[in-house]
1. For region 5-192, just the Cα atoms, rotate onto the principal axes and tell me the three extents in Å, largest first.
2. By a straight-distance test (C-alpha under 18 Å), which aspartates and glutamates pair with residue 14 as possible cross-link partners, with residues fewer than eight away in the same chain excluded?
3. Need the full-extension length gain, residue 49 to residue 189, defined as separation in residues times 0.36 nm minus the C-alpha distance. One decimal, nm.
4. In whole Å and largest first, what semi-axes does the C-alpha gyration tensor of the chain yield when each eigenvalue is scaled by 5 and square-rooted?
5. Describe numerically, in nm with one decimal, the distance between label points set 7 Å from Cα along Cα→Cβ at residue 110 and at residue 197.
6. Write down the Å³ per residue value for the convex hull defined by the alpha carbon atoms of region 1-84.
7. Determine the principal axes of the Cα atoms in region 188-324, then give the extent along each, sorted from largest to smallest and rounded to whole angstroms.
8. Strictly over 25 Å apart at the Cα level, which of 169/317; 5/43; 43/69; 49/139; 104/260; 89/228 would you flag in this model?
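Where a number appears in this text, it was derived from the coordinates with a stated rule and is not lab data. The structure presented is a predicted model; accordingly, all values stated were derived computationally and were not measured. A quick note on method: Cβ atoms are made from the backbone with ideal geometry, for glycine too, and the neighbour counts reach across all protein chains shown.
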Amino acid sequence: MFQNKYKKIYKTIKKYDCIVIARHVGPDPDCLGTQIALRDIIKTTFPNKEVYAVGYSASRFSYLGTLDKMQEEYYQDALLIVIDLPDKKRLDGVDSDRFSYRIKIDHHPYIETFCDYEWIDDQASSAAQMIMELVFNTKLQMTPFAAERLYLGLVSDTNRFLFQYTTPKTFNLVAQLINVTGIDFTSLYENLYLRPLKEIKFQGYIGNHFTVTENGFAYIKITDDILKEYHVDVATAGNMVNNFNYIEEIFAWAVFTEDKNRGNIRGSLRSRGPIINEIASHFGGGGHIYASGVRLESFNQVDDLVEELDAECARYKKSNNMGS
């Protein structure tokens, strides 16, 4: 008899005594919150299991919880659950090939198969939404701790329910989450949106130094010297891309940040019309149609990407009969 995805994942979790939960590099509240929440959910449902959430931490999201350091013994007869990641090359902190079994749970458009079982729903608003759905369709136990982190992950990835992938299903699952756990969701926003003054000043710098093309594409190149001047890190710069939605003259925009530690340029791309993920894939990146990311070798590569994104904005304006 056909076994649905929820039962398949639940039975696989039940089978393994050691479970490692991993996600993509450059973590955001959705992947981190989901990862930490799922660890708590599995540990609460199966107290005797060893469950670890691994990967490099992000200090700005420390309020979501702590991560585990990957150990060699965790590979032994263990299950890997990959969250919020469509392609193997961006997996953070583990070698997926060394696990006994691998499950992928992801809401990005399909890129490649690298796990034994893959549940992909590119219409889901977030990885957090998919974990809510999994829990409410199995015997996994939702906890208030997990619910808070899933709520924050979903709110972050939907930009407070503003983005296209927010659906009636999203609202129904969130309502169920609040009804089941009774969390005070209004108290959670402070951690998500509280910012130090230096970040506000840095946001002002970006707003004043964006280059805007005649086709409505805006971008900025941020060097390591600028990061040091404003005392912010690469992750903070990348996240600033979300603060420039709904500017009348701009259809798509990007923040390109020099990452000295990794020796590359981190690009965060957003759009409110032009399709950008296919262009990002030309440069080894990817993501959603209106929110994508890339890692580039140099600022020279940035110029090539900017040219393609600007051309896409031009096509978008023309197809929608928008003047100059």
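1. On the principal axes, region 5-192 reaches 41, 34, 33 Å in Cα extent.
2. 40, 50, 77, 116, 118, 133
3. 47.2 nm
4. Details: eigenvalues 233, 87, 81 Å².
Its equivalent ellipsoid spans semi-axes of 34, 21, 20 Å.
5. For residue 110 paired with residue 197, the spin-label model returns 5.3 nm.
6. 100 Å³
7. 42, 32, 28
8. Flagged as over cut-off: 169/317; 104/260; 89/228.
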